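The values are calculated or read from the model by the stated rules, or taken from the named source; none is laboratory data. Bear in mind that the values here come from a model prediction, so they are computed numbers and not experimental data. As a convention, Cβ positions derive from the backbone with ideal geometry for all residues, glycine included, and neighbour counts pool all protein chains shown. The accessibility values were calculated without ligands, DNA or RNA, using every heavy atom of the protein model including side chains. Shrake-Rupley method; radii C 1.70, N 1.55, O 1.52, S 1.80 Å.
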Amino acid sequence: MTRSRVSRRKFLQTTTALATGTALLPVHGWAAAAFGAQDGATDVPRSNNRIGYEKVPWKAQPFPMTQVRLGPGPLREMQERDRVYLYMLPNDRLLHSFRLTAGKPSTAQPLGGWEAPDGELRGHFAGGHYLSACALMYAATGDEALRVKAEALVAALADCQQENGYLSAYPETFYDRLKKHQEVWAPFYTYHKILAGHIDMYVYCGSQTALYTAKGMADWAIAWIAPLSDEELAKVQMTEHGGMNEALFNLYALTGEKKYLDGGLRFEHKRFFDPLAARANKLAGLHSNTNIPKVIGAARGYELTGDERYKTIAEFFWQTVVDHHTYAAGGTSNNDEGWSEPDTLGSHLAPAGQECCCSYNMLKLSRHLFGWNPEARRMDYYEHLLWNVRAGTQSPDGMLMYYVPTIAGGWKTFGKQTDSFWCCYGTGVEEYAKLVDTIYFHDASSVWVNQFVASEVSWPEKRVRLVQKTSFPYEETTAITVHAEAPVEFALRIRAPHWAQGIAVTVNGHAEHAAAGADGYLLLNRTWKSGDRVDVALPMSLRVEAVAGSLELATLAYGPLALAAEMGRDGLTPGMIVGPEGPKMDELPPLGLPVFNPGATGWVSRSSDGELRFRTSGQVRDYTFKPLNQIADERYSVYWQKRAV
Ligand SMILES: [Zn+2]
């Protein structure tokens with residue numbers, strides 16, 4: 001999120017009472033079958049005799065989230081912590097600023113942080129991300145009580161919507177300031193979140209009220225920009241505006257109403273898109289998370305219009321960020337939340353950076369690109385972010401991180417229950433609600449196993465259920481068991497990760513020759529019967545990884561995991577960990593980069609106790625490494641310096 005003035009409020013203790021759905025609306029005529037794949041980005045309700053509006057359908061489709069469930073393991077723990085947190089936030093507190101803005105009474109205790117009553121981003125979480133998270137969580141878990149709570153919130157927000165369609169937790173005058181180029185935080189950014197939250201409530205929960213509200217909101221936004229000249233619009237677009245283009249495209253895909261397609265096209269940020277369309281990397285100096293959602297909009301625009309320019313923008317952008325602007329742990333964005341010159345990240349190790357929103361949005365973008373052309377490299381990247389900068393960025397009580405520090409001696413900091421609500425709180429509660437959405441994709445005759453996660457997927461078209469059991473990445477195997485009503489033919493495509501050497505596959509205990517194809521997937525095509533079991537060995541190894549542009553630096557990786565050197569807890573207090581957006585480095589003595597001689601034999605080796613711990617030996621100072629996602633309440637460094645020999 002771009003920086004602005006945020007008035008800090010004293011931590012407000014909240015109750016954890018579960019709100020009940022007294023204002024539950026009937027779910028008009030909604031049937032799960034009408035929702036196709038229930039994926040907001042790809043397969044939305046087909047109101048038009050099941051004829052969609054996509055010009056470019058995905059070659060591989062995600063299974064509907066309702067058909068995938070997590071098994072025991074770290075992802076389900078993340079999901080459950082998130083679910084508890086969603087229940088902790090009472091609707092009347094979420095509604096407070098919306099009601100006051102609509103001239104309605106509210107006696108609720110206001111939320112703090114970026115949702116404080118005088119915060120200029122208020123509503124982004126309370127009426128936006130929160131709805132998206134509840135909708136996704138309902139799809140991922142079937143938690144009916146949470147759907148009822150969210151539907152009640154939708155109903156109460158509808159009561160706050162103005163006749164002209166405007167809905168926000170602050171008045172329209174913020175947009176007057178935007179138009180006059182006076183200082184204001186990011187009105188359309190907030191508007192996008194609220195609009196997207198309502199779209200998600202329609203897509204995943206069948207809320208007709210949410211769709212009605214979303215259409216009204218979109219109509220207002222389209223009417224607001226209509227009188228602007230292209231020049232005036234370009235000035236307005238200098239202020240962060242989230243994924244307004246994507247949300248309007250999605251609304252077009254839901255309704256078939258062309259005005260929303262036109263609206264999405266009008267919101268295009270040409271100044272940002274034009275260099276990308278020309279395959280030019282002009283990202284240096286730009287704010288990262290301001291721009292990634294626009295590219296997701298370009299991807300969606302390509303799917304709905306077939307415009308190759310949008311495809312080029314999305315693909316070139318993704319490749320550029322992955323190749324030249326990505327830290328070892330997978331995140332992007334530097335200390336100022338922006339991009340520097342390509343391959344200069346070694347010069348930008350800092351307490352901030354790797355903003356969690358960027359990771360969330362890059363994962364979303366990766367799904368589109370994978371859908372167009374299913375290739376393992378997209379899902380390798382997905383895996384890398386999932387296990388390094390999404391896992392391990394949520395505290396045991398469900399609180400979330402803003403940045404993942406890259407500086408030596410940095411530490412992880414987490415927000416508070418009702419006094420933070422940073423942008424990354426919003427994307428965080430969504431992330432952990434939708435962990436099932438990318439594990440498996442399919443087409444008519446095959447299923448892609450993209451991620452190694454304890455889970456199961458139902459495939460009713462084939463009358464098949466696949467159950468995956470694994471403790472990956474803490475074990476180097478996964479096992480998939482077929483449950484089928486009758487023998488059935490399909491292809492099982494299992495990702496062969498780039499880091500795994502010597503992958504071995506057995507079916508019912510017999511070795512299979514399954515070399516990865518050009519797409520990076522192992523192909524097992526056969527007639528499957530119930531009880532068939534596929535075991536996959538995914539050998540991990542310890543790797544020293546170079547840092548582009550910084551020959552003196554390196555990092556350690558084990559399989560998909562970025563490893564961090566433990567640098568102690570001396571002086572670290574709870575107040576330094578809970579509350580701040582990132583570590584305040586001047587509160588503790590500085591710690592330099594660890595220095596190693598990676599040329600020495602046996603300089604680092606895995607501990608013998610079975611844990612993922614790696615100990616250096618014979619160095620000027622020795623350290624223990626462990627997966628970055630297991631770093632908690634301690635100082636660390638992913639990066640280290642190579643000692644000249
Ligand atoms: Zn953020």
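Yes/no per residue for (1) closer than 17 Å to Ala210 by Cβ; (2) out of contact with any Cys (no Cβ under 8 Å at 6 or more places or on another chain):
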{"residue": "Leu100", "(1), (2)": "no, yes"}
{"residue": "Lys104", "(1), (2)": "no, no"}
{"residue": "Glu115", "(1), (2)": "no, yes"}
{"residue": "Gly123", "(1), (2)": "yes, yes"}
{"residue": "Gly127", "(1), (2)": "yes, yes"}
{"residue": "Ala135", "(1), (2)": "yes, no"}
{"residue": "Glu151", "(1), (2)": "yes, no"}
{"residue": "Gln162", "(1), (2)": "yes, yes"}
{"residue": "Phe174", "(1), (2)": "no, yes"}
(message) Looking at the structure I just gave you, is Glu257 surrounded by fewer than 18 Cβ atoms within 10 Å (Cβ to Cβ) and out of contact with any Cys (no Cβ under 9 Å at 6 or more places or on another chain)?
(response) yes
All conditions in (1) within 30 Å of Phe441 (Cα to Cα); (2) of a type outside the set (Lys, Arg); (3) modelled with pLDDT of 95 or more; (4) open to solvent by 10 Å² or more (accessible area, probe 1.4 Å) are true of Val56 except (3)
Taking the range 361-396 and the residues there that are within 16 Å of the ligand (Cβ to nearest atom) and open to solvent by 10 Å² or more (accessible area, probe 1.4 Å), the one that is nearest to Pro583 (Cα to Cα) would be Gln394
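Kindly evaluate Tyr403 against the criterion of being within 16 Å of the ligand (Cβ to nearest atom) and open to solvent by 10 Å² or more (accessible area, probe 1.4 Å). Walk me through it before giving the result.
Working: within 16 Å of the ligand (Cβ to nearest atom): yes; open to solvent by 10 Å² or more (accessible area, probe 1.4 Å): yes.
Spelling it out, Tyr403 is indeed within 16 Å of the ligand (Cβ to nearest atom) and open to solvent by 10 Å² or more (accessible area, probe 1.4 Å).
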Looking across the range 508-524 at residues that are in a loop (DSSP other than H, G, I, E, B) and on the phi < 0 side of the Ramachandran plot, the single one that is modelled with the lowest pLDDT is Ala514
Restricting the range 437-485 to residues that are outside any loop (DSSP other than H, G, I, E, B) and free of Cβ contacts under 8 Å to residues at least 24 places away in the same chain, the one surrounded by the most Cβ atoms within 10 Å (Cβ to Cβ) turns out to be Arg465
Condition set touching a residue at least 12 places away in the same chain (Cβ under 8 Å) and assigned to a loop (DSSP other than H, G, I, E, B), scope the range 229-243, selection most open to solvent (accessible area, probe 1.4 Å): answer is Thr239
Worksheet item: Does Ala548 satisfy being part of a loop (DSSP other than H, G, I, E, B), among the hydrophobic types (A, V, I, L, M, F, W, C), open to solvent by 20 Å² or more (accessible area, probe 1.4 Å) and modelled with pLDDT under 95?
Response: no
Of the residues in the range 175-214, those that are open to solvent by 20 Å² or more (accessible area, probe 1.4 Å), more than 30 Å from Met65 (Cα to Cα) and in a helix (DSSP H, G or I) come to Asp176, Arg177, Lys179
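Kindly indicate whether any position in the range 411-424 is at pLDDT 95 or above, part of a strand (DSSP E or B) and away from the ligand (no atom under 15 Å from the Cβ).
Checked the range 411-424: at least one residue is at pLDDT 95 or above, part of a strand (DSSP E or B) and away from the ligand (no atom under 15 Å from the Cβ).
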Per the filter on the range 493-529, residues of a type outside the set (Gly, Ala, Ser) and in contact with a Gly (Cβ under 7 Å, 6 or more places away or on another chain) are Arg495, Trp499, Leu523
The residue from Gly113, Gly119, Gly103, Gly71 that alone is within 21 Å of Tyr138 (Cβ to Cβ) and either open to solvent by 60 Å² or more (accessible area, probe 1.4 Å) or of a type outside the set (A, V, I, L, M) (or both) is Gly71
Expected output for the range 351-364 (first residue on the phi > 0 side of the Ramachandran plot, partner near the ligand (Cβ under 10 Å from one of its atoms) and open to solvent by 10 Å² or more (accessible area, probe 1.4 Å), Cβ below 8 Å, 6+ apart or cross-chain) is Gly353/Tyr403; Gln354/Tyr403
Apart from one, (1) away from the ligand (no atom under 11 Å from the Cβ); (2) open to solvent by less than 10 Å² (accessible area, probe 1.4 Å) all hold for Glu430; the odd one out is (2)
Pairing a residue in the range 257-279 that is among the aromatic types (Phe, Trp, Tyr) with any residue that is surrounded by fewer than 22 Cβ atoms within 10 Å (Cβ to Cβ), where Cβ atoms lie under 6 Å and the two sit 6 or more apart in sequence or on different chains, gives Phe272/Asn291
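Yes/no matrix, rows are residues, columns are (1) assigned to a loop (DSSP other than H, G, I, E, B); (2) modelled with pLDDT of 95 or more; (3) at positive phi:
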| position | (1), (2), (3) |
| --- | --- |
| Pro539 | yes, yes, no |
| Ala565 | no, yes, no |
| Gly571 | yes, yes, yes |
| Pro580 | yes, yes, no |
| Asp586 | no, yes, no |
| Leu591 | yes, yes, no |
| Thr601 | yes, no, no |
| Phe625 | no, yes, no |
Looking only at the range 45-53, decide whether some residue is modelled with pLDDT of 50 or more, under 23 Å from Met201 (Cα atoms) and either in contact with a Pro (Cβ under 8 Å, 6 or more places away or on another chain) or surrounded by 16 or more Cβ atoms within 10 Å (Cβ to Cβ) (or both).
yes
Checked against (1) in contact with a Pro (Cβ under 7 Å, 6 or more places away or on another chain); (2) in a loop (DSSP other than H, G, I, E, B); (3) open to solvent by 20 Å² or more (accessible area, probe 1.4 Å), Thr527 satisfies every condition except (2)
Among (1) surrounded by fewer than 18 Cβ atoms within 10 Å (Cβ to Cβ); (2) farther than 28 Å from Trp422 by Cα, Arg569 falls short only on (2)
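So is Leu593 in contact (Cβ under 8 Å) with a residue 12 or more places away in the chain and either in contact with a Lys or Arg (Cβ under 9 Å, 6 or more places away or on another chain) or open to solvent by less than 40 Å² (accessible area, probe 1.4 Å) (or both) or not?
Here the answer is no, as Leu593 does not meet what is asked.
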Just one listed residue, out of Thr305, Thr332, is among the β-branched types (Val, Ile, Thr), within 16 Å of the ligand (Cβ to nearest atom) and at pLDDT 95 or above, and it is Thr332
Every listed condition ((1) within 16 Å of the ligand (Cβ to nearest atom); (2) farther than 25 Å from Leu94 by Cα) holds for Val467 save (1)
